[in-house]
Amino acid sequence: MKKLLMVLLVMVVAVVGVIGGRWLLYVTNTSDPLDEVGIELNSRMPEPLRKWGCAQLKTNFENRLPPYGCAAIGGTGWE
């Protein structure tokens, strides 16, 4: 039973690490703010992380249309 719990814990940490790492790469080091996987991950993050991610994207791509989850009402401006 103890071994099973350890395996499950390692799997959960690995999944969180992969998803969190992919999201972090999207918001800090992407060449395209309209990357579908990154947009989906960012839109599903908790509110403080999503807002931080949107702020990072805005600093890099302020002159482009914001991705889903970072747009103000109307969809043409950043939050």
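The values are calculated or read from the model by the stated rules, or taken from the named source; none is laboratory data. Please read all numbers here as calculations on a predicted model, not as lab measurements. Here Cβ is always computed from backbone atoms with ideal geometry, including for glycine, and neighbour counts include all displayed protein chains.
Quick one: which of Val18, Val37 is at pLDDT 95 or above and farther than 18 Å from Glu79 by Cβ? Before the answer, list the steps.
Numbers: Val37 fails: at pLDDT 95 or above.
That would be Val18, the only listed residue that is at pLDDT 95 or above and farther than 18 Å from Glu79 by Cβ.
Could you give me the residue pairs with C-beta distances under 6 Å whose first residue belongs to region 37-58 and is free of Cβ contacts under 8 Å to residues at least 24 places away in the same chain, whose second residue is part of a helix (DSSP H, G or I) and surrounded by fewer than 21 Cβ atoms within 10 Å (Cβ to Cβ) wherever it lies, and which are 6+ apart or on separate chains?
Partner pairs satisfying both residue conditions: Leu41/Trp23.
Give all pairs with beta carbons closer than 8 Å in which a residue from region 65-79 that is of a type in the set (Ser, Thr, Tyr) meets a residue that is surrounded by 13 or more Cβ atoms within 10 Å (Cβ to Cβ); count only pairs at least 6 apart in sequence or on separate chains.
From region 65-79, the pairs are Tyr68/Ile39; Tyr68/Ser43; Thr76/Leu65.
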